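Enquirer: Pasting a structure below so you can have a look.
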């Protein structure tokens with residue numbers, strides 16, 4: 001992945017999130033409210049994160065426990081499948097957090113050794129990583145954050161403006177490399 005694409009993707013992710021919050025439609029409010037416990041979102045997000053993680057385990061080198069890669073693959077695949085049955089509560093939030101954690105690697109690798117204006121997108125990625133770690137450990141906080149957003153009229157729009165502005169700023173830096 002090129003540095004230009006990495007910066008653009010991070011900026012667009014923040015921008016789309018912000019624009020969705022600015023729209024603040026009743027359908028979006030309902031979808032946000034249902035998201036943390038959504039079975040469909042769990043299958044898509046956690047299933048995608050598990051598949052991505054297992055694809056990484058499948059190609060482990062000898063230096064990275066490669067001699068145990070088949071056993072690790074089987075154990076982690078079983079854990080992922082059993083998670084849908086025994087840890088279904090807030091699994092969509094955990095899946096989103098895992099996808100953010102997995103996506104951060106290629107995004108940050110694209111900017112490795114690059115300084116200057118590229119630090120803007122790195123800060124955004126590290127903030128997303130921090131939130132993902134927090135939500136992975138305490139997924140009910142996503143429900144609390146959604147309730148906080150919807151408690152006061154206009155608050156979601158204000159947060160959306162902040163996200164959209166940050167996304168536009170990050171995406172804009174891609175053109176100044």
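Enquirer: Could you go through the range 69-78 and let me know if any residue there is surrounded by 13 or more Cβ atoms within 10 Å (Cβ to Cβ) and within 20 Å of residue 13 (Cβ to Cβ). Full working, then the answer.
Expert: The first filter runs over the range 69-78 and keeps only residues surrounded by 13 or more Cβ atoms within 10 Å (Cβ to Cβ), leaving 69, 72-73, 76-77.
Then keep just the ones that are within 20 Å of residue 13 (Cβ to Cβ); that gives none.
For the range 69-78, residues surrounded by 13 or more Cβ atoms within 10 Å (Cβ to Cβ) and within 20 Å of residue 13 (Cβ to Cβ): absent.
Enquirer: With the checklist (1) touching a helix residue (DSSP H, G or I) at 6+ places or on another chain (Cβ under 8 Å); (2) touching a residue at least 24 places away in the same chain (Cβ under 8 Å); (3) surrounded by fewer than 19 Cβ atoms within 10 Å (Cβ to Cβ) in hand, flag the one item residue 109 doesn't pass.
Expert: Failing condition for residue 109: (1).
Enquirer: Determine which single condition residue 102 fails, assuming it passes every other condition in (1) touching a residue at least 12 places away in the same chain (Cβ under 8 Å); (2) surrounded by fewer than 16 Cβ atoms within 10 Å (Cβ to Cβ); (3) in a helix (DSSP H, G or I).
Expert: (2)
Enquirer: Return the residues of the range 84-97 that are surrounded by 20 or more Cβ atoms within 10 Å (Cβ to Cβ) and part of a helix (DSSP H, G or I); say none if nothing qualifies. Can you show your working first?
Expert: If we filter the range 84-97 for residues that are surrounded by 20 or more Cβ atoms within 10 Å (Cβ to Cβ), which is where we start, we get 90-97.
Within the range 84-97, 91, 92, 93, 94, 95, 96, 97 meet the criteria.
Enquirer: Further question on the same structure: Inside the range 150-177, can you point out the residues that are surrounded by fewer than 19 Cβ atoms within 10 Å (Cβ to Cβ) and under 12 Å from residue 32 (Cβ atoms)? So that I can check it myself, show each step before the final result.
Expert: Our first condition is that a residue be surrounded by fewer than 19 Cβ atoms within 10 Å (Cβ to Cβ); within the range 150-177, this holds for 150-155, 157-159, 161-162, 165, 168-169, 172, 175-177.
Selection gives 150, 159.
Enquirer: Any residue at all in the range 120-135 that's assigned to a loop (DSSP other than H, G, I, E, B) and under 16 Å from residue 13 (Cβ atoms)? Let's see the steps before the verdict.
Expert: Residues of the range 120-135 assigned to a loop (DSSP other than H, G, I, E, B): none.
No, every residue in the range 120-135 fails to be assigned to a loop (DSSP other than H, G, I, E, B) and under 16 Å from residue 13 (Cβ atoms).
Laboratory data are not the source of any read-out in this text; all were calculated from the coordinates shown. As the structure is a prediction and not an experimental result, all values here were calculated from the model. Here the Cβ is made from the backbone with ideal geometry for all residues, glycine too, and neighbour counts use every protein chain on show.
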